[in-house]
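**Q** The structure that follows is given in the form of structure tokens.
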Amino acid sequence: MGNPGSRYANTRHNLGADAAVLLAERFGERLRDDTKVSASVAEIRIGDKRVVVAVPMTWMNESGKAVSSLLRRYDLPGVSSLVVLHDELDLPTGRVKVKSGGGLAGNNGLRSIHQHLGTKDFTRVRLGVDKPPGGSERGADWVLAKIPRSARVDFDIACQRAADAVELIAVGGPEHAMQKINASDQG
């Protein structure tokens, strides 16, 4: 997930989108706009699995519209096949965790997906952005601010690990990815 437009490029809030673009590029594909689903989309193969990589062109808070359209248009097997990549304030910068189901942690993009699909039972790849230092900023201001150059390397590594997580999910399922990604010593 992320927000559209250059204003939001290179922000913490767009790390999920950055990781999705990276994943498609690993497999020699580029995301292309599909206005019928309000998302930029690429189809790749990971092992024997067809994977639709998408970044909603909607605002983060309206991601559910694009996700529900994607599931229908690309004839995906349902919510059990959905993996959402998103920024996470409750994880330290650069940390990546895989999670199945659970709470929404105040993330309005996840809330939108839940509202459109009627369930929280989808897999998430959470990219840590940490909370604002000293509580001086609101969370929204923090995630929408440009990532400083000094922190970019940590976030680039997190995007690589998030793409790794999606590959592990495709090959061995969410539990397999949780064992490999969540147990590793990161950050």
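Values quoted throughout were computed directly from the atomic coordinates according to the rules given, and no laboratory measurement underlies them. Predicted, not measured: the structure shown is a model, and the values here were computed from it. Note that each Cβ is placed from the backbone with ideal geometry, even for glycine, and that neighbours are counted across all protein chains shown.
**Q** Looking only at region 160-169, decide whether some residue is surrounded by fewer than 19 Cβ atoms within 10 Å (Cβ to Cβ), touching a helix residue (DSSP H, G or I) at 6+ places or on another chain (Cβ under 8 Å) and either aromatic (Phe, Trp, Tyr) or assigned to a loop (DSSP other than H, G, I, E, B) (or both).
**A** Scanning region 160-169, I find no residue that is surrounded by fewer than 19 Cβ atoms within 10 Å (Cβ to Cβ), touching a helix residue (DSSP H, G or I) at 6+ places or on another chain (Cβ under 8 Å) and either aromatic (Phe, Trp, Tyr) or assigned to a loop (DSSP other than H, G, I, E, B) (or both), so the answer is no.
**Q** Something else now. For region 97-114, indicate whether the set of residues that are hydroxyl-bearing (Ser, Thr, Tyr) and surrounded by fewer than 16 Cβ atoms within 10 Å (Cβ to Cβ) is non-empty. Steps first, please.
**A** Going residue by residue through region 97-114, those that are hydroxyl-bearing (Ser, Thr, Tyr) are 100, 112.
Narrowing the set further to residues that are surrounded by fewer than 16 Cβ atoms within 10 Å (Cβ to Cβ) leaves none.
Within region 97-114, not a single residue is hydroxyl-bearing (Ser, Thr, Tyr) and surrounded by fewer than 16 Cβ atoms within 10 Å (Cβ to Cβ).
**Q** Quick check on my filter: what residues within region 138-159 are assigned to a loop (DSSP other than H, G, I, E, B) and under 17 Å from His86 (Cα atoms)?
**A** Scanning region 138-159 gives Ala145, Ile147.
**Q** Please specify each residue of region 25-34 satisfying the condition of being touching a residue at least 12 places away in the same chain (Cβ under 8 Å) and either in a strand (DSSP E or B) or under 22 Å from Leu110 (Cβ atoms) (or both).
**A** Leu31, Asp33, Asp34
**Q** Taking into account only those residues within region 148-159 that are surrounded by fewer than 19 Cβ atoms within 10 Å (Cβ to Cβ) and among the hydrophobic types (A, V, I, L, M, F, W, C), which is nearest to Thr11 (Cα to Cα)?
**A** Ala151
**Q** Looking at Val98, Val129, can you tell me which residue is touching a residue at least 40 places away in the same chain (Cβ under 8 Å) and farther than 16 Å from Met60 by Cβ?
**A** When all the criteria are applied, what remains is Val98.
**Q** Any chance region 3-21 includes a residue that's within 23 Å of Pro174 (Cβ to Cβ), without any contact (Cβ under 8 Å) to a residue 24 or more places away in the chain and not aromatic (Phe, Trp, Tyr)?
**A** No, every residue in region 3-21 fails to be within 23 Å of Pro174 (Cβ to Cβ), without any contact (Cβ under 8 Å) to a residue 24 or more places away in the chain and not aromatic (Phe, Trp, Tyr).
**Q** Go through (1) within 25 Å of Arg45 (Cβ to Cβ); (2) out of contact with any Phe, Trp or Tyr (no Cβ under 9 Å at 6 or more places or on another chain) one by one and return the number of the condition Ala151 breaks.
**A** Unmet condition: (1).
**Q** Taking Val37, is it at negative phi, in contact with a Leu (Cβ under 8 Å, 6 or more places away or on another chain) and in a loop (DSSP other than H, G, I, E, B)?
**A** For Val37, the condition - at negative phi, in contact with a Leu (Cβ under 8 Å, 6 or more places away or on another chain) and in a loop (DSSP other than H, G, I, E, B) - is met.
**Q** Sticking with this structure for a sec: Just to check your reading of the model, which residue among Ala42, Ala19, Ala24 is more than 18 Å from Arg124 (Cβ to Cβ) and touching a helix residue (DSSP H, G or I) at 6+ places or on another chain (Cβ under 6 Å)?
**A** Exactly one residue qualifies, and that residue is Ala42.
**Q** What about Arg45, is it surrounded by fewer than 16 Cβ atoms within 10 Å (Cβ to Cβ) and in a strand (DSSP E or B)? Quick ask: steps written out before the conclusion?
**A** Numbers: surrounded by fewer than 16 Cβ atoms within 10 Å (Cβ to Cβ): yes; in a strand (DSSP E or B): yes.
Criteria met by Arg45.
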